[in-house]
Number of protein chains: 2
Amino acid sequence: VNVDWIAVDWGTSQLRAWAFDADGRIGATAASADGMGKLGPEEFEPALLKQIGDWLPQGRRVPVLACGMVGARQGWIEAPYRPVPCAPIVAGGFVAAPVRDPRIAVHIVPGLSQAAPADVMRGEETQIAGFLAGRPEFDGVLCLPGTHAKWVRISAGEVVSFQTFMTGELFALLAEKSVLRHSVATEGWQEVAFEMAVDDALSRPDRLAARLFALRAEALLDGLAPEAARARLSGALIGAELAAARPYWLGQAVAVIGDAGITGAYAAALSRQGVAPEVVAGDETVLAGLAAARELLGELT
Amino acid sequence: VNVDWIAVDWGTSQLRAWAFDADGRIGATAASADGMGKLGPEEFEPALLKQIGDWLPQGRRVPVLACGMVGARQGWIEAPYRPVPCAPIVAGGFVAAPVRDPRIAVHIVPGLSQAAPADVMRGEETQIAGFLAGRPEFDGVLCLPGTHAKWVRISAGEVVSFQTFMTGELFALLAEKSVLRHSVATEGWQEVAFEMAVDDALSRPDRLAARLFALRAEALLDGLAPEAARARLSGALIGAELAAARPYWLGQAVAVIGDAGITGAYAAALSRQGVAPEVVAGDETVLAGLAAARELLGELT
C-alpha cells in the first residue's frame, strides 16, 4: 500500500479506516468493532495499529486524521469542543493523540458545542466540512439523521447553530426494549403507514405521548401488522422531530446526509411538508471531511 | 389462618396475595417475583400454591380472585377484554382458571378494551372498581400513573373511555438505557427543576423531542446536576403526557391513584394547571377492587 495519509472514523461502537495515496485514491480499507465505548485510554493505539499497521512504511510518520467519539473525554484524548458559530473544522484546531509508534502522527478533529440551548456534536462536524468542501456556497440547513440526529444551520461556511434529537435511539429503545417489541417488526416497512404517521405527528405534535401505546393496543385488538407498526413508530418519532425542528427547515434549502434507508425516510417526510431536500451519502461526506482536515493540517514530515 | 377468600394481584413481574377472613380482615400476606412474564401456562398453579398453600383448609374450595396480566393471552388463561363503555367489573364476568388442587377456585378479572382509539388495560379495572366502591357517585377522571399510565373517564359507575401513556416505561428506558444514563441520577430529585420542566412541556408540547438530548449536553457543558436532570426528564415526560391528556383532565374532577412518590409528582404537575386532584393509595384500591369482585362473585361452596 502506497500511503500518503490515513482517514479514521472512530465512533462509540466501531472503527473504520481508509488509506489514501498521494493522488487521493483509496488504497486499503479496514473496519473493526473496537469502538470508543469499549476501550481504555491505553488501548486506542493498539486497536488502531491492529487495523492499519500493515499499511505503514518505515522511516516517516504517516498522518492519521480521526473524527468521532475518539475525541470524547472518555476517548483516546479529549479534543475540547469548539463553540459555534465557527467553521466546522479549522487549521490548527486538531488535537494530537499520544502515540508510541514512530510511524504515525494521530490528529483528532474536535467536536462542536453550542452554549444556549446547550448542545454538542462529535463526528458530524467532519461530515459538515465534507459537504461544504463540495458546496462552499451552500446557505441553508443540513439534517444528519441517526442515533442522535442533528439539524445544522449553515451560513458563509460556518455552523451557525444546531440541535440534536434522540430519534434513532428512541426508536431502537421502543422497538427493541419496550412493550412495543411484541408488536413492532425488526424489518419490513409500509410506506403509507409511515407517511400517515408523519402527517399525524406534524399536524398534532402535542400528542406524541399518546401515539405509542396505540401500536400495542391495535396489535392486540385489530391485528396490526408488525411491519406497519414499525413504519408507524418511525413516522411518529420522525414526525415529532420535524415538528420540533420546524424553525430549522421551514423555507430553507435542506440537505439530508446519511445512509440510504434513513435519508430516504426523512426525504419522504420532508417532501410532504413541501421541502425538496438534497440527499447526500454519509460515507462520502465523512471521507471528504477527513480529506479537508488533511488539507488544513498541511504537510508533515 | 382463618381464610374466607384470597386476593391476588398478579402482574408481569410480581405476584402478591392476601388472605381475608369472613369479617374482611387480612390474616396473611405473601409476595414473590413469580410474575406472569416468566411463567408458562402450567406453572401458574404451582407458583400460586407456593405462596398460599399453607393458608388453605381441607374440605372446601377457597375462592381466589386474581387481577392483572395473569389474564393475558400469555398468562394462566386468557380473560378476554370487555369493551367500554361498561362497569369496571361485573357479576358473571370472571374467567375460571384450570386448577388441579381441590382447595381453590381461581377467578380472573378480565381487562377492558376500547375500540377507537384502540386501547387496553389489565389490572387497572380492578383499581377503578375499588375506587368506585368507596365513591359510587364519582363523576370525573381517574389518573393511574405507572409504567403504562392510564387516564380514565368515569360516569354513572362506568368506564366511558380511557387512554394509555408509556410515560413510566419511557422514563426508565431513557434514564437507564439511553445516552442520558450518564447524566441522570438513579435517585434524588429537584422539585423546582421538575416544575419548570412540566411548565415548559405544557406550554410547548410540540418540542418534547428537542428536550431530551439537552440534558446530556447541559451535563457535559454546564455540569447539570444528575438529580436535576432526573427531575427534568420526569417533568418533560409527565408534562408531555398532561399535554396530550388535556381533554381528559381539563375542567374535570380528577383523582390520582398509585404509589406515594409518583402520585405526588402528578398532583404537583396538575396543581400547576389549576387542577386540585384527590390522591388515593394504589394498594388500597387494588384490595378494595378485589373485595368488590368477591362480592360480585357471590357465594361458592
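The values are calculated or read from the model by the stated rules, or taken from the named source; none is laboratory data. All figures in this text were calculated on a predicted structure; none of them were measured in a lab. With ideal geometry, Cβ positions are generated from the backbone for all residues, glycine too; neighbour counts draw on all protein chains shown. Ligands, DNA and RNA are stripped out before the accessible areas are found, and what is left, the full protein with its side chains, is counted by its heavy atoms. Shrake-Rupley method; radii C 1.70, N 1.55, O 1.52, S 1.80 Å.
Below are the figures for this structure:
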{"read-out": "Hits in segment A:75-87 (condition: within 14 Å of another protein chain (Cβ to nearest Cβ), open to solvent by 30 Å² or more (accessible area, probe 1.4 Å) and not charged (D, E, K, R))", "value": "A:PRO80, A:TYR81, A:PRO83"}
{"read-out": "Residues within segment A:151-175 that are in contact with a Lys or Arg (Cβ under 7 Å, 6 or more places away or on another chain) and free of Cβ contacts under 8 Å to residues at least 40 places away in the same chain, tallied", "value": "1"}
{"read-out": "Positions within segment B:181-192 being open to solvent by less than 70 Å² (accessible area, probe 1.4 Å) and under 26 Å from the mean Cα position of the chain (by Cα), in sequence order", "value": "B:VAL184, B:ALA185, B:GLY188"}
{"read-out": "B:ILE154 among the β-branched types (Val, Ile, Thr) and closer than 30 Å to A:LYS177 by Cα", "value": "no"}
{"read-out": "Matching residues, segment A:154-198, being away from chain B (no Cβ under 14 Å), charged (D, E, K, R) and either outside any loop (DSSP other than H, G, I, E, B) or closer than 25 Å to A:GLU124 by Cβ (or both)", "value": "A:GLU158, A:GLU191, A:GLU195"}
{"read-out": "Selection count, segment A:200-213, where residues are of a type outside the set (A, V, I, L, M, F, W, C), more than 7 Å from chain B (Cβ to nearest Cβ) and either assigned to a helix (DSSP H, G or I) or in contact (Cβ under 8 Å) with a residue 24 or more places away in the chain (or both)", "value": "3"}
{"read-out": "B:GLU124 vs. criteria on the phi < 0 side of the Ramachandran plot, within 14 Å of chain A (Cβ to nearest Cβ) and in contact with a strand residue (DSSP E or B) (Cβ under 6 Å, 6 or more places away or on another chain)", "value": "yes"}
{"read-out": "Only one of B:VAL106, B:VAL62, B:VAL99, B:VAL90 that is over 16 Å from B:ARG294 (Cβ atoms), of a type in the set (Val, Ile, Thr) and in contact (Cβ under 8 Å) with a residue 40 or more places away in the chain", "value": "B:VAL99"}
{"read-out": "Entirely in segment B:214-290, the helices (runs of 4 or more DSSP H) that have 2 or more residues that are more than 14 Å from chain A (Cβ to nearest Cβ) and either open to solvent by less than 10 Å² (accessible area, probe 1.4 Å) or touching a strand residue (DSSP E or B) at 6+ places or on another chain (Cβ under 6 Å) (or both)", "value": "B:260-271"}
{"read-out": "Qualifying residues in segment A:50-69 (those that are touching an Asp or Glu at 6+ places or on another chain (Cβ under 9 Å) and hydrophobic (A, V, I, L, M, F, W, C)) - the one nearest to A:VAL120 (Cα to Cα)", "value": "A:CYS67"}
{"read-out": "Residue within segment A:62-74 that is at positive phi, away from every other protein chain (no Cβ under 14 Å), buried (at least 16 other Cβ atoms within 10 Å of the Cβ) and not acidic (Asp, Glu) present", "value": "yes"}
{"read-out": "Hits in segment B:225-246 (condition: within 13 Å of B:CYS143 (Cβ to Cβ) and without any contact (Cβ under 8 Å) to a residue 40 or more places away in the chain)", "value": "B:ARG246"}
{"read-out": "Any hit, segment A:103-111, residues being within 14 Å of chain B (Cβ to nearest Cβ) and either touching a strand residue (DSSP E or B) at 6+ places or on another chain (Cβ under 7 Å) or charged (D, E, K, R) (or both)", "value": "yes"}
{"read-out": "Residue tally, condition modelled with pLDDT under 95 and in contact with a Phe, Trp or Tyr (Cβ under 8 Å, 6 or more places away or on another chain), over segment B:189-240", "value": "2"}
{"read-out": "Some residue of segment A:132-150 being assigned to a helix (DSSP H, G or I) and without any contact (Cβ under 8 Å) to a residue 40 or more places away in the chain", "value": "no"}
{"read-out": "Lone qualifier among B:ALA31, B:ALA47, B:ALA22 - being modelled with pLDDT of 95 or more, of a type outside the set (D, E, K, R) and either open to solvent by 40 Å² or more (accessible area, probe 1.4 Å) or closer than 30 Å to B:ILE154 by Cα (or both)", "value": "B:ALA31"}
{"read-out": "Only listed residue being open to solvent by 10 Å² or more (accessible area, probe 1.4 Å) and more than 14 Å from chain A (Cβ to nearest Cβ), chosen from B:ALA115, B:ALA96", "value": "B:ALA96"}
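Rundown of residues vs (1) open to solvent by 10 Å² or more (accessible area, probe 1.4 Å); (2) touching a Ser or Thr at 6+ places or on another chain (Cβ under 8 Å); (3) not β-branched (Val, Ile, Thr), yes/no style:
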position	(1), (2), (3)
B:ARG122	yes, no, yes
B:GLN127	yes, yes, yes
B:GLY134	yes, no, yes
B:PHE138	yes, no, yes
B:CYS143	no, no, yes
B:HIS148	yes, yes, yes
B:ALA156	yes, no, yes
B:VAL159	no, no, no
B:GLN163	yes, no, yes
